[in-house]
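The structure appears right after this line, and notes come after that.
Values in this text are rule-based calculations from the coordinates and carry no lab data. Not measured: the values here are computed from a predicted model. Here Cβ is always computed from backbone atoms with ideal geometry, including for glycine, and neighbour counts include all displayed protein chains.
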Amino acid sequence: MSMSLHHAYPYLSAFKSTSSTPIRPKSSRLGANSVRCCVAATKSRQVTVKNGNDSLDICRVLNGMWQTSGGWGRIDRDDAVEAMLKYADAGLTTFDMADHYGPAEDLFGIFINRVRRERPPELLDQIRGLTKWVPPPVKMTSSFVRESINVSRKRMDVSSLDMLQFHWWDYSNPGYLDALKNLTDLKEEGKIKTVALTNFDTERLQIILENEIPVVSNQVQHSIIDMRPQQKMAELCQLTGVKLITYGTVMGGLLSEKFLDTNLAIPFAGPPLNTPSLQKYKRMVDAWGGWSQFQVLLQTLKKIASKHGVSIPTVAVRYVLDQPAVAGSMIGVRLGLSEHINDANAVFSLVLDEEDVNNIQEVSKKGKDLMKVIGDCGDEYRRA
């Protein structure tokens, strides 16, 4: 039998699972070192997430496509694809989507064909399409998993998905291990290049690694306010090399000049919270410390942004990218409606000094510890 994760990484005993979730026997097809991942910075804007022989280069600032799923304004297909081309031409070449983000996968399929026809091969080689699979809690048979993944491959018009990020709603159902084993089979067949997770907690990530499933990353909510990933999750990631891809890093736009010096307690006094992301992350602000404390944070970030000649969102993303185990951070794109190309590209040249970091930490720590309020990464999706 191959070496266990605890033998490979003896310090993981600190993460010994207390869950009663059964762990299936380790697969003999994966070597003892298959859970060892690493990340190597190729350029300031690129990073390689890797597990064994599986690797993928991605842009460290990812274009998040949740905004295509409705609630942010009507998306025109042609305008959206043109916007995707503009992002790619500007060097922002990694797009993150999901099977349930409305037409996101279809838009990527149209976009990638435009790139194939109208752009040089060098740009095509840099384009990455990361998608998520969020299945219902049915039996994860090989045929069901295969059929589901084939839908995404067809919609995105690719023979092999660059990255499949897997989400699971209910940990009491151990079917997530069956799903991941089947996804690993599809990876070995060449249908998927890398297998990853989204919104898994530390305990389940450890179980998955102990089963020698070669995940390269876990996508989690992470911002200056939501520092939960820098507790248990980052420690396990640093021990194993699994990297974090973060979303909610600019909190749907709350971490921006638009909401500086506003008072949402007064009707119509501030910008409307008129998108699902603004409403979601306003609840995070409330859980962390409230709007008044949030204004102190925005004022601090504004001083830092002005000092460096950048925007508040640029500072917010740079701060999270500099955190341990973080490979990349998401910025949502409202394709054809608005753009943030300049702010996103400014992230790569921004260097926060010690004074900047200390000032951010001083304000951030005045808020509540969201690990105690909400729980570990992803727990907000599984609370009763």
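Rounded to the nearest 20 debye, what is the charge dipole size of the chain about its Cα centre when +1 sits on each Lys and Arg Cβ and -1 on each Asp and Glu Cβ?
460
May I ask for the distance between the Cα centers of the stretch 241-279 and the stretch 42-103, given as a whole number of Å?
So the separation of the two Cα centres works out to 20 Å.
About the Cα centre of the stretch 113-161, how large is the charge dipole given +1 on each Lys and Arg Cβ and -1 on each Asp and Glu Cβ? Please answer in debye to the nearest 20. Can you show the working numbers first?
Details: 11 positive and 5 negative charges, 30 e Å.
It works out to roughly 140 debye.
Name the lysines eligible as straight-distance cross-link partners of Lys302: C-alpha to C-alpha under 26 Å, and not fewer than 8 places from it in the same chain.
Excluding near neighbours in sequence, the set is Lys258, Lys280, Lys282, Lys365, Lys366, Lys368.
For Gln46, which sequence-distant residues (separation of 5 or more, or a different chain) have an amide H within less than 5 Å of its own amide H, given hydrogens modelled in the peptide plane?
Amide H neighbours of Gln46, under 5 Å, 5+ apart: Arg60.
Considering only Gly328, Gly241, Gly290, give the residue with the highest GNM mean-square fluctuation for the chain, with springs between Cα atoms whenever their separation is below 10 Å.
So, out of Gly328, Gly241, Gly290, the one fluctuating most is Gly290.
Of the listed peptides 99-105, 292-298, what is their order by residue-averaged count of other C-beta atoms within 10 Å, with the highest listed first?
Going by the mean number of other Cβ atoms within 10 Å, highest first, we get 99-105, 292-298.
So for the stretch 203-302, averaging the separation of alpha carbon pairs under 8 Å that are six or more residues apart and normalising by length, what relative contact order in percent results?
Working: 80 pairs, mean separation 24.9, N = 100.
It comes to 25 percent, rounded to a whole number.
Please give the net charge around Ile312, taking every other residue with its beta carbon less than 14 angstrom from that of Ile312, where Lys and Arg add +1 and Asp and Glu add -1.
+1
Would you calculate the separation in nanometres between label points at Ser142 and Thr48, each defined as 7 Å from the Cα along the Cα-to-beta-carbon direction?
Placing both labels 7 Å along Cα→Cβ, they lie 3.2 nm apart.
Near Lys191, within a Cβ-to-Cβ distance under 10 Å, what is the net charge of the other residues, with Lys and Arg +1 and Asp and Glu -1?
+1
Please report the relative contact order for the chain, taking Cα pairs under 8 Å with a sequence separation of at least 6, and give it as a percent rounded to a whole number. Don't jump to the answer; show the numbers that get you there.
Details: 675 pairs, mean separation 78.5, N = 384.
Normalised by residue count, the contact order of the chain is 20 percent.
Considering only the other residues whose Cβ falls under 12 Å of the Cβ of Lys154, what net charge follows from Lys and Arg at +1 and Asp and Glu at -1?
The answer is -2.
Of Asn218, Asn263, Asn199, which has the largest mean-square fluctuation in a 10 Å C-alpha GNM of the chain?
Judging by the Gaussian network model, the answer is Asn263.
Can you find, among Pro313, Tyr381, Asn342, the residue sitting farthest towards the positive end of the charge dipole of the stretch 292-384, where Lys and Arg contribute +1 and Asp and Glu -1 at Cβ?
Going by the Cα projections, it comes out as Tyr381.
Is the C-alpha gyration tensor of the stretch 98-254 telling us rounded, prolate or oblate? Criteria: a/c under 1.5 is rounded; beyond that, a/b larger than b/c is prolate, otherwise oblate. Show your work: numbers first, answer last.
Numbers: a/c = 1.75, a/b = 1.23, b/c = 1.42.
It is oblate, given that a/c is not under 1.5 and a/b is not larger than b/c.
What are the lysines whose alpha-carbon lies under 21 Å from the alpha-carbon of Lys193, with same-chain residues fewer than 8 places away excluded?
Output for Lys193: Lys50, Lys132, Lys154, Lys181, Lys243.
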